[in-house]
Amino acid sequence: MMPRLPSPNRIKTHYVYTVWEAAQALGRNRQTIIRWIKDKGLVADRGKVPWLIKGRDLKQFLGYRRAKSKTKLALHHLFCFGCKTPQEPDGKFAEYTQATPTTGMLKALCPSCASIMNKVVRRADLEAIRAKIEVAVQQANPRLVSLPAPPLNDTSAKEAQTDGKAHFR
Ligand SMILES: [Zn+2]
């Protein structure tokens, strides 16, 4: 899990922060702030060192990130890494495979780009999911139950080769 994002209220709108000051104010390390600037779209003046961040920009950035992380994925939606957005399974159909005694892997196709989407779900949530979409439950393979769930990002290549999954061809 990501640590909770600091509140934008810790930042003064009319103050200009160096990377170090921003890190201090937010209780994060400098690398995090630099990553926000380089990869996550935080606006900063990179004209000279130290980079300067306007309080207003930093506040806005934090507010946006918090709003984004609060948008909870609906139980029956899966995050599509192709579209970078949550999607309802194509044809409102998903497959559930028991992975541990209490959790399983939900698998479905993205309706807009046809990527395979995966999500770890709790067994206890399965009925609520089935109220929204059709779910084919695969019987747990006793040999697999003790294995950890596969990494979420690295399944599409392997899945494509799995046979007996005609629905996902
Ligand atoms: Zn997609």
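The values are calculated or read from the model by the stated rules, or taken from the named source; none is laboratory data. Only a predicted model underlies this, so the values are computations on that prediction, with no experimental measurement involved. Every residue, glycine among them, receives a Cβ derived from its backbone with ideal geometry; neighbour counts consider all protein chains shown. Surface areas here come from the heavy atoms of the whole protein model, side chains and all, with no ligands, DNA or RNA. Shrake-Rupley method; radii C 1.70, N 1.55, O 1.52, S 1.80 Å.
Expressed as a whole percentage, what fraction of the accessible surface of the range 1-103 belongs to carbon and sulfur atoms when a 1.4 Å probe is rolled over the protein heavy atoms? Could you put the intermediate results ahead of the total?
Values: 3690 of 6810 Å².
Carbon plus sulfur share of accessible area: 54 percent.
How high is the FRET efficiency from Gln139 to Leu5, r the C-beta distance, R0 41 Å, rounded to 0.05? For R0 = 41 Å, the calculated efficiency reads 0.50.
Each 10 Å bin from zero up to the one holding the largest Cα-Cα distance in the range 8-70 carries the following percent of pairs: 24, 63, 13, 1.
May I ask you to derive the FRET efficiency for Lys38 and Ala74 from their Cβ-Cβ distance with R0 = 30 Å, giving the value to the nearest 0.05? According to the calculation, E is roughly 0.40.
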